[in-house]
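To keep things clear, I will list the structure first and then write my remarks on it.
The values are calculated or read from the model by the stated rules, or taken from the named source; none is laboratory data. The structure presented is a predicted model; accordingly, all values stated were derived computationally and were not measured. All Cβ positions, glycine included, derive from the backbone under ideal geometry; neighbour counts span all protein chains shown.
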């Protein structure tokens, strides 16, 4: 029994928070802060060594706050530990170069991946870990709880109630972890309004807000111009629809970003409709509002879409399609990356995406040796969730294909959709992933593999579909992969007889095995051939960003 | 190109919602509804065939609304599809018996599992699927989106801002899915106040609220009286601490409910402290505020706890331990089941729990043939998340143990902690799970297995620890399981030589192999031996429910 007088202080986090807020008050800061005093505020309420969560989303960025943080005095503020989904802006790395922050835990660094690798080599930044999104949010509640978060919203009222607008994205998860563990929540907003259209973040979760001199940056990350879709991509999309979506009756799904999956979306109203698949496939989505999904929505293929974030230009269209999208009483979209990733993990039957390299075990990676790009949401969506317990036609069928005996569980379909060669004639199929070299460079425990071979069920190339579920040995899997690897060196080294056998068994399917004539794979099949066509399909409600307008 | 005039209505859900709200207005309903008019309200704003999400949580219950729903007129309201985490109260099944609802999708039906099975046999209820919690929430955003939700909160202000109090639990996930897809949100609250202590649900997400004549029901589900912990449980807890937590340096973890894991919690300040493990194990938790964790917290073992829900009687203690628990600015706990399950899945290195049956492949189940109990959170927490990409000592070590060659990923530790015989001398270890018979009865695609053998890494019984990671074949796994199955029939059929070999290889460890003397496993080792001791440890701040007070 504990008989000592207990001298431990149990509310030190609350005390620290209180001290910071008192300091701010002494300096005359109120809840609304003038943008010119942002650096001073940050230097007051952030302490050296604090965990600071910056809202670097997939799309919207707390760019004003991030820039202000990077302009703080490193003699005042240093050794910060940055927590951030996406390292997207130069300022996200400036804080390391300037010695304000020293460590980062993140998910994705696409636009900054080259510079990140350089900073690691210069030992100016220490990487804690690289995560998939949902995993990083999970850690916010366990061992990476922010002391301060810098978020962004569209508008605030005088009390500090926040309206995020359509790009709610990470905001609720970040704020919840911070506000309820005695942290400090600072928001930049585009405008101050009398009444917010809806409350996305209640004012009592927010400590300070700043009307930023410029609107926050949002990247139209999911807009793909149909004009750039090639006939090879159309052929592969036909195979996916006829060879995977139809036989597995895929209704609930997620598409990765890219022209390959955009081609599938644009074939639904044409090729898939001719196959009489409307209402039978692609009804319920975890997906950002891809403009290329508009024709499928208008054609009646789609019942619902829940989104991680929104997409610039889709606002009016979404508002007028509330049966499809999640919207608030005000009519604008409500997205939520944490919940949509949860839905993508557990409620979807299929994930399909592209990659840069695939090895002979089916492991895939987007890592290249001089860049540290990270993962985003792919490892989460592209993994078989062993916790899942509900069945579906697709899940059950895939589960049965994977075993010879009694079926105790199903399988999520995880499809990798790639051309055998990518740009600059780099073969996608390789004996060894570059990820192994990157692991050495980074000194990490594991190679940065995007999707593990054991979770991949199908690989689709211009040469055909390999169904890895039906393989009964490592050797068969390897030959199934080589059998669709085309004229890449590893494809050329296939065992012709074994590949022929796999084809007879339906493990490899060529276009002709699916009744698909490659000569029919023309751009005429696309429901929209340009951004302008998408605008037409939307009855003028889709308003693409200017960089996508060429008319 | 789509040249037809598009006649589809795209905002039918919003229109339906509007009509319902107008009907309610015509009948004189305002946002705050008198409790005597609840049935009338429900009959007005729920339509036949609607998906209705009832807040049946693990702990708190929207019991007043559930009862009212069960008293509606089945000629007015029928064919409802109920979505609900936990079927806990008689009224949750009354709606089916009375013909108001016909279908259910749920997670757990512990207290109602026998009656549920009977109603299924009588064809009065059709089960969609049985889910793990996070999976069910995921589906709320994909294909099981509620038209109406019936939730519960502690208090509301006049505008309808809701304060859930410590048991926030499922509320945010349910309301978000409903409010942002044109559904109707109805809340019962315990009291109307001038100002809520904090806003958990903003008023503009809420359509109606009712001050219930009685406070909502909350079950103290996680309170275990130390007086009931046996010496066998203490022995097993010693083995877990010394044989698993110490060598794997388990810092981030989740414990299931039960006396077995309560014993571990109560050995931290004594046995684990003597082993010099303070600060090295059990620092960061995804866990409800178990009273049996108080001594470990007071002894300085614990750094943080994020909770799915709260626990009756722990309010004051939590308020005074804000460095440990997640609390709001008002001082009370903020729980969140969706986010804590996410943390348990992706940020924890270990899940440990008990079960009723384990087969020779390591599959475990709590299903018995005449009950349909469901799963709760175990399949989610007790599965290896293939999406995880961050490493830790435990995750890396487990990953290395599982393979002979190159390590490409880690492994979550999933431990099953059981005595070889449970009550009424039922052997836990069996050749075939009862789950297979239940599958036949239910006509489901898969047997209701709680945790799949492929995810289980260790089985701990009074006879020892079996480390399944180190097994190199199905046969070795089977013998490792038999080798700790004691005097059960399957344990008796072990291959003695093989078991001896497994022990030499460290795959099976007996207490003596771990340097544990079973005669030392006495109740003296427990940091608290009664509920009263827990109150003392808490300096009087833990206030147990009356049924746990015997002094």
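Here is the figure for the stretch B:204-218: residues that are within 17 Å of residue B:170 (Cα to Cα) and buried (at least 21 other Cβ atoms within 10 Å of the Cβ) total 4.
Per-residue answers, yes or no, for (1) away from every other protein chain (no Cβ under 11 Å); (2) in contact with a helix residue (DSSP H, G or I) (Cβ under 6 Å, 6 or more places away or on another chain); (3) within 23 Å of residue B:411 (Cα to Cα); (4) surrounded by 18 or more Cβ atoms within 10 Å (Cβ to Cβ):
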| site | (1), (2), (3), (4) |
| --- | --- |
| A:414 | no, yes, yes, yes |
| A:422 | yes, no, no, no |
| A:426 | yes, no, no, no |
| A:446 | no, no, yes, yes |
| A:450 | no, yes, yes, yes |
| A:454 | no, no, yes, no |
| A:457 | yes, yes, yes, yes |
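Considering (1) assigned to a strand (DSSP E or B); (2) within 13 Å of chain A (Cβ to nearest Cβ); (3) in contact (Cβ under 8 Å) with a residue 60 or more places away in the chain, the lone condition that residue B:105 does not fulfil carries the number (3). Determine if the stretch B:86-98 includes at least one residue that is assigned to a strand (DSSP E or B), at pLDDT 95 or above and on the phi < 0 side of the Ramachandran plot. Yes; the residues of the stretch B:86-98 include at least one that is assigned to a strand (DSSP E or B), at pLDDT 95 or above and on the phi < 0 side of the Ramachandran plot. Among the residues of the stretch A:383-396, those that are touching a helix residue (DSSP H, G or I) at 6+ places or on another chain (Cβ under 6 Å) and either within 19 Å of residue A:282 (Cα to Cα) or touching a residue at least 40 places away in the same chain (Cβ under 8 Å) (or both) comprise A:383, A:384, A:385, A:387, A:388, A:394. Residues in the stretch B:272-327 that are part of a loop (DSSP other than H, G, I, E, B), more than 8 Å from chain A (Cβ to nearest Cβ), free of Cβ contacts under 8 Å to residues at least 60 places away in the same chain and touching a helix residue (DSSP H, G or I) at 6+ places or on another chain (Cβ under 9 Å): 10 in all. Among the residues of the stretch B:428-443, those that are within 23 Å of residue B:117 (Cβ to Cβ) and touching a residue at least 60 places away in the same chain (Cβ under 8 Å) comprise B:428, B:430, B:432, B:433, B:434, B:435, B:437, B:438, B:441, B:442. Hey, among the residues in the stretch A:393-422 that are part of a helix (DSSP H, G or I) and under 13 Å from residue B:445 (Cβ atoms), which one's farthest from the chain's Cα centre (by Cα)? Here the answer is A:400. Residue count for the stretch A:360-392 satisfying the condition of being at the interface with chain B (Cβ under 10 Å from one of its Cβ atoms) and either over 28 Å from residue A:408 (Cα atoms) or in a loop (DSSP other than H, G, I, E, B) (or both): 16.
Among the helices (runs of 4 or more DSSP H) confined to the stretch A:111-187, the ones with at least 2 residues that are more than 11 Å from chain B (Cβ to nearest Cβ) and surrounded by 24 or more Cβ atoms within 10 Å (Cβ to Cβ) are located at A:171-179.
Residues considered: A:31, A:51, A:7. Of these, the only one that is free of Cβ contacts under 8 Å to residues at least 12 places away in the same chain and within 14 Å of chain B (Cβ to nearest Cβ) is A:7. Among all residues of the stretch A:469-480, there is none that is part of a loop (DSSP other than H, G, I, E, B), more than 14 Å from every other protein chain (Cβ to nearest Cβ) and under 30 Å from residue A:371 (Cα atoms). Can you say whether residue B:347 is crowded, with 24+ Cβ neighbours inside 10 Å, touching a strand residue (DSSP E or B) at 6+ places or on another chain (Cβ under 8 Å), under 18 Å from residue B:171 (Cβ atoms) and at the interface with another protein chain (Cβ under 8 Å from one of its Cβ atoms), as far as the supplied structure shows? When the stated conditions are applied, residue B:347 does not pass them.
The single residue among B:469, B:433, B:417 that is in contact with a strand residue (DSSP E or B) (Cβ under 7 Å, 6 or more places away or on another chain) and farther than 25 Å from residue B:517 by Cα turns out to be B:433. In the stretch B:508-531, the count of residues that are assigned to a helix (DSSP H, G or I), within 14 Å of chain A (Cβ to nearest Cβ) and without any contact (Cβ under 8 Å) to a residue 24 or more places away in the chain is one or more.
For the stretch B:448-455, the condition of being under 21 Å from residue B:238 (Cβ atoms) and assigned to a helix (DSSP H, G or I) holds for none of the residues.
Of all residues in the stretch B:188-203, those being surrounded by fewer than 24 Cβ atoms within 10 Å (Cβ to Cβ), assigned to a strand (DSSP E or B) and within 13 Å of chain A (Cβ to nearest Cβ) number 0.
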